[in-house]
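This report refers to the structure that appears directly beneath it.
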Amino acid sequence: MDGTTSEAELFEVREPDEQRIPFVYNSPHSGRRYNPAFLEASRLDDRAIRRSEDHYVEELFGAAPSLGAPLLLAHFPRAYVDVNREPYELDPRMFDGPLPPFANTHSMRVAGGLGTIPRIVAENMEIYGRRLDVAEALQRIETTYKPYHARLRKLIAHTHTRFGFGVLIDCHSMPGNVRLAGNALRPDFIIGDRYGTSASAELSRAAIEFLEDLGFTAVRNKPYAGGFITEHYGRPARGLHALQVEVSRSLYIDEATLQKKRDFAALATALTHFMRQMADFAESFTGSASLAAE
């Protein structure tokens, strides 16, 4: 992954024969192509570096094209560059030399080691044993981050033009030990809509209801309300809605070995049903004000 890397190596759009529903599915954190130079620069072994992946999420939502919606998926790993951040959320402690003046160096995500160029993977495991050149960080943003967002914007714009409104489903996974604050509940799914600012509350409630009808526990916004992608692309007043869907990894992988569980296929089938229900629900609102922000 350098200046000569092609877009096809970085990410993929799985297109339907014809887009029939006003949805775009996006899996920005499931990439698992680790180039040798990046692995050499990391102090982590081949398994530890994968702790920040949204493992196999693009497969769980893989039926999207057959239902009539495009699916954008990253091949590059989140540990290399995180496209669910602002373009320049950078930690100055990671780099030799000054960062550009427009860099956001004080966000909560930067403080936690999870900026655009992450400092850690899960469990606070440091990725690098040395400081990086600033030029290297800026190159990753130019050659990986920006092309990814350009393609995502194009998919959303096409959907909005074709149907009069659009719904972005940003697909993620979360550790199985995530609990609600002050509660022993470990949810199977979290639907994030940035506390009602990135999507109609009606759409969020429908997503939760459909998941619960399938036998899962689902909650809204806590502890994950949605990241940069949900916040940036969700514009309900303009008919653009963005939901973040977090799936508990405990449902489908062994989190120690990262191997798929026997229930993987059943979960993918359930999510196909969920996607179909979401499409049916949204269809009746095409061109109406019912999916405007509440």
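Every number in this text was worked out from the coordinates using simple rules, so none of it is lab data. Since we're looking at a predicted model, the values are computed, not measured. Note: ideal-geometry Cβ built from the backbone for every residue, glycine included; neighbour counts use all protein chains shown.
Highest mean packing first, where packing is the average number of other Cβ atoms within 10 Å per residue, the peptides 53-59, 159-165 line up as 53-59, 159-165. Reachable lysines from Lys146, Cα under 17 Å, same-chain residues fewer than 8 places away excluded? By straight Cα distance, Lys146 reaches Lys154.
Work out the P(r) tail for region 1-94: percent of alpha carbon pairs separated by more than 22 Å, whole number. So the portion of pairs separated by more than 22 Å is 37 percent.
Under a Gaussian network description of the chain, with springs only between Cα atoms under 10 Å, the residue in Ser198, Ser27, Ser107 that fluctuates furthest is Ser107.
Here region 121-270 is assigned +1 on the Cβ of each Lys and Arg and -1 on the Cβ of each Asp and Glu. Its dipole about the Cα centre then comes out at about 420 debye. Please give the FRET efficiency for Leu258 paired with Glu202, using the beta carbon to beta carbon distance and R0 = 41 Å, rounded to the nearest 0.05. Here the calculated transfer efficiency is 0.65. In terms of its alpha-carbon gyration tensor, the chain comes out prolate; a/c meets the 1.5 threshold, and the first ratio a/b outweighs b/c. Expressed per residue, the C-alpha convex hull volume of region 125-215 stands at 176 Å³. Counted over region 177-229 with a bin width of 10 Å, the fraction of Cα pairs per bin, in whole percents, is 26, 52, 22. Highest GNM mean-square fluctuation, the chain, Cα pairs closer than 10 Å: which of Arg14, Arg238, Arg93? Evaluated over the chain, the most mobile residue of the options is Arg93.
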